[in-house]
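Notes follow the structure.
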Amino acid sequence: MQPLSLSLFSAQSPGAVEEILDRENKRMTDSLASKVTRLKSLALDIDRDAEDQNRYLDGMDSDFTSVTGLLTGSVKRFSTMARSGRDNRKLLCGMAMGLIVAFFILSYFLSRART
């Protein structure tokens, strides 16, 4: 294809060939500039999204840390209560049964409310 384009350009005056090449060069430069602008915009959007996600994950990390502290304390208190004697075991079983019954009652009312 190269010889054909050279023969096409050689048939025209040097000024006309230069003008054609200059127009083609400007067109390609504009196209490249447009693509670079789109890529830059996309890169900035990705950067902004990554920063937002990092902030969200940092917030989740602190939330999980506080929940871990709460659960650790609750497990320690529960273990202490379970080891402390027979009366506390009765209380513990009563609380467990009460929570199970409350769960079933709540699920029953929620299922009735949906229908």
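Read-outs throughout are calculated quantities, based only on the coordinates presented, and are distinct from any laboratory measurement. The model shown is predicted, which means the values in this text are computed figures rather than measured ones. Virtual Cβ from ideal backbone geometry, glycine too; neighbours counted across all protein chains shown.
What the table below lists for this structure:
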item	result
At q = 0.11, 0.13, 0.20 Å⁻¹, base-10 log of I(q)/I(0) for the chain (Debye sum, equal scatterers on each alpha carbon)	-0.78, -0.90, -1.10
Two-site FRET efficiency, Ser84 against Phe109, from Cβ-Cβ distance with R₀ of 30 Å, rounded to 0.05	0.30
Quotient of Cα Rg and 2.2 N^0.38 Å for segment 68-115, N being how many residues it contains	1.58
